[in-house]
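Here is the structure we will look at, set down as structure tokens.
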Amino acid sequence: MGSVKNDDWDEECSYIGDKGEIGYIDYEDDKSVCSYNPSEEGPVHISVPFPFARGKPQSIFVGETAADSITLHNTTSDPVELWAVKIYCSVPADSYTLSLMEPPSPNSDVETIRGFLESYSLEDRVLQPGQILKIWLSCKPKDIGLHTSVVHFDVGDDRYERVVLLLVEDKVSQSLSANKPYKRVPRGKKFAVNEYVPGSRPAREASKQSYKNKLPRYSIPKHIREVVESRQVPEVITEGLTRENYGAYFHNLLIMEEIHLEEEMRGHDMESITMKKRGTQFLALEVPGLAERRPSLVNGDFVFAKLADTDDSAKPYQGFIHRVEADEVLLKFDKEFHQRHRDDNLYNVSFTYNRVSMRRLYQAVDAAAMLDNGFLFPSQLSKRRTINMNPIVPLTQNLNEEQMFSVEMILGCKGAPPYVIHGPPGTGKTMTVVEAILQVYTNRKRARILICAPSNSAADHILERLISKDIVEVREGEIFRLNAPTRPYEDLHPDLIRFSFFENLIFKCPPLKALTHYSIIVSTYMSASLLYAEGIRPGHFSHIFLDEAGQASEPETMIPISNLCQRETVVVLAGDQMQLGPIVFSREAETYGLGKSYLERLFECEVYYREDENFVTKLVRNYRCHPSILELPSKLFYKGELIACKEETYASICSWEDLLPNKEFPVMFIGVQGCDEREGNNPSWFNRIEASKVVEIIRKLRTMGDVNESDVGVITPYRQQVLKLNKALENLDMADVKVGSVEQFQGQEREIIIVSTVRSTIKHNEFDKTHCLGFLSNPRRFNVAITRARSLLIIVGNPHIICKDPYWAKLLWHCSENNSYQGCPLPERQERAEEDWVGEDNPQPSWVGKDDPQPSCVGEDKPQLSDTAAWCNESFQVEEMPIPGEFASAPNVGVVGELASDSGGHAYRRG
């Protein structure tokens, strides 16, 4: 940078080499940082360059020069010494300059451009009375992200400063800008619904199925409601869980959860909103926050609506939800309501809370109270069991020693207590479960097997593995996929339809005689209640396998166990309590035990905690991750015991020196200072600067080596960021890259995973902690996110925000220490006694244990409470809602494969 000579200045203006340092300036957390009142500062009024627009920094385009003037006005009648004007510091370094000349435009002639002089400082001069001096501040960005500068003005004996922030964008980030400013939808007061005009039920609602075992009402007792609503904890909960109070303990936890959900639902009522016609039958209601399950609505739920200008005595109309889309629901009211509707009508809408899912859980814990101690409290058994193993011939190739051992132990089990396959990410839990199921099926001819998983996609995956003829051929007439009646028919892959039962494209539970015919039934946890409702007796199933058991609350796990087990039933749990836990909305209920899975509680028993081989097998051989990806989670969560066994098929990734700073370390952190944003009525957050950086990385990956789009996955915690990324990738013809939440990637893997953390301001961290959103303050979510990649893991985020969480800070400095950090300047490293919360001497994170249960809310894309299910009537009919993007879309086919239809339209299986 050259020197500047100007006749109006007393001396030559030269570059001053000493630069200051500034930390991350979070304008959202401290609104005053860029707010100045020049008239209150002193005799010289200094204008504010690049002033904020609508509370946000101005946007400029990468590669172009942005300039703004700063005026210094001496408002006094005396001369004032202006000792210096200098750029104290810029981030990125040297991205801002000062000049006394207006920067030339790109169209200026060569002579004007050559004559332009700029510097980082301007030296002293005297401002005469009333004089106005104009100085130009320029920014020349080379990369996207927040560009910050602090300019100092030494006037007389005082120093003044101006903080300047500019958001540098590119074409991708600009294309993702908010369509309209964010505006919170006004929430209405719930209006009284004593009488109403009934709506039109969905077909699956109208055709209710009669069940043998009816579901009781389970009304909340008035005295318990009063205790909970007064923010007190019922006495039975404070006593702690015992054999004697098991049912009452979980009943009260569920009541705490239900009352919380009632209050939350009331908070979503809306006033003076519109609905639009959709086709000839439906009205579309836009529901802000729907994509984030706030509120959580499913097909078969209903709302009440009435014109906003009617009096309180007017009857509201009931509208049933026939379809849930990304941000709106399709409603069907009484015919009269539709006839009178106009798209510009204003309505008040009240949402209703569907109790049936909670009632299903009440029933499960009631039944569980009668279970044998071997299931509920194995530590109280006076006699320790010893399992006699018999050698087996493996059906699956390449099972390792621990997997074979666990299968042999399961085959040797005679009943309670449950046997546990504890498997960290990528250790082959599902493969082991499938091998055990097929061994039982092959060698125990009279065996009846129930397999439950927490979601439809997980259950479908197990079914696909079981029917794969690569292992053993399961006869088609002996295996059945039980689907909830409210699961959309098209959500199930056409290849699996033939294993289901449906009527008029609506899934149903077969009659009891048909159910007892099957050797293997695959279901979700919640849908397993249909078996009991239909009349399946305890003890019918010889083996019950519960996959991903760490994701289910104990009441949810009790649905198959309490209703279908006898002491002789062999129950097998597979899962990892260090990954995502149960979905609980009430922080109080979560803290007192509802957030603890049955699997996690079992590990409080000595025989499980000490990993007694007669009760548990721990799988430690990881076949998914590159050793460098596995290193940190192994140390933080698994006592450093994980063994990397991945056969490197993507060695070329680590040789791309222009992508990886350290080619031997395929974990990279790219620091980006962007902006948290929302748009329209949607409360979900997005960060388009991070989105653009993610797209840039994917485009670079496509030019390097043999990488397919399907090899790349992007994990981000906010639904709106998912939508923005999908939009950008579709515009660039890269739609095969999967983008989703941690929940959507649980149990999945990709060669390359990119994580976009989104958050770029400190003040929203507390909001996220309170509502269990985002990545921070959730070690299990962190663990899942960083263990999905096989060969390359890239984190894109703001290091100044991420470092507030001890686990993410550990990853950040792990990358930094391995020379694998790029991007904005790092924050100052805080010295903390990290070994106090994790390390070789204390390998279990501090949140593991009954005294300090891990919060288990799982974020914005969390499904409806327990198994993504809600219930829609007073029997055992189940509503299940997939996480968006979770299921492959299937054509709307009729009867497939070995299915036929009777004259009544019932689909059934031959044989």
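Between Arg702 and Lys335, what length comes free when the chain is fully extended (0.36 nm per residue of separation minus the Cα-Cα distance, one decimal in nm)?
Details: separation 367, 0.36 × 367 = 132.12 nm, distance 5.40 nm.
Taking 0.36 nm per residue and subtracting the Cα distance, the gain is 126.7 nm.
Taking Lys810 as the anchor, which lysines have their alpha carbon closer than 23 Å to its alpha carbon, excluding any fewer than eight residues away along the same chain?
Partners found: Lys635, Lys639, Lys663, Lys693, Lys763, Lys769.
Kindly put Met270, Met558, Met370 in sequence by how many other C-beta atoms sit within 10 Å of each C-beta, fewest to most.
So the ranking, lowest neighbour count to highest, is Met370, Met270, Met558.
Which residues in segment 786-807 have a backbone N closer than 18 Å to a point placed 7 Å from the Cα of Glu28 along the Cα-to-Cβ line?
Under cut-off, by backbone N: 796-805.
Multiply the residue gap between Ser69 and Glu604 by 0.36 nm, knock off their C-alpha separation, and tell me the result in nm, one decimal place. All intermediate terms of the calculation are to be shown ahead of the outcome.
Working: separation 535, 0.36 × 535 = 192.60 nm, distance 6.61 nm.
This chain segment gains 186.0 nm when fully extended.
How would you rank Tyr120, Tyr218, going from fewest to most other Cβ atoms within 10 Å of each one's own Cβ?
Ordered by Cβ neighbours within 10 Å, fewest first: Tyr218, Tyr120.
What does the extension gain come out to for Glu568 and Ser210, with contour length at 0.36 nm per residue minus their alpha carbon separation?
Residue separation times 0.36 nm, minus the Cα-Cα distance, leaves 125.9 nm.
Given a cut-off of 32 Å, name the pairs among Lys56/Lys804; Lys315/Lys727; Lys445/Lys618; Lys276/Lys315 whose C-alpha atoms lie farther apart than that in the structure shown.
On the way: Lys56/Lys804 23 Å; Lys315/Lys727 43 Å; Lys445/Lys618 29 Å; Lys276/Lys315 21 Å.
Those over the limit are Lys315/Lys727.
Using a Förster radius of 35 Å, what is the FRET efficiency between Lys142 and Asn179 based on their Cβ-Cβ separation? Nearest 0.05, please.
Values: r = 29 Å, r/R0 = 0.83.
Plugging the Cβ-Cβ distance into 1/(1 + (r/R0)^6) gives 0.75.
Report the calculated FRET efficiency for Ser35 and Ser816 (r = Cβ-Cβ distance, R0 = 25 Å), to the nearest 0.05. Write out the running numbers ahead of the final one.
Details: r = 34 Å, r/R0 = 1.35.
Taking R0 as 25 Å, the efficiency between Ser35 and Ser816 is 0.15.
For Leu146, what residues show an amide H to amide H distance below 5 Å, using hydrogens built from the backbone and excluding near sequence neighbours?
So Leu146 has HN proximity to Val168, Gln673, Gly674.
Could you please state, rounded to a whole Å, how far the C-alpha centre of segment 427-460 is from the C-alpha centre of segment 552-592?
Spelled out, the Cα-based centre of one part sits 18 Å from the other.
Only the coordinates and a few stated rules stand behind these numbers; no lab work does. Note that the coordinates shown come from a computational prediction; the quantities given were computed from them, not determined experimentally. Using ideal geometry, Cβ is built from the backbone for each residue, glycine included, and neighbour counts are taken over all protein chains shown.
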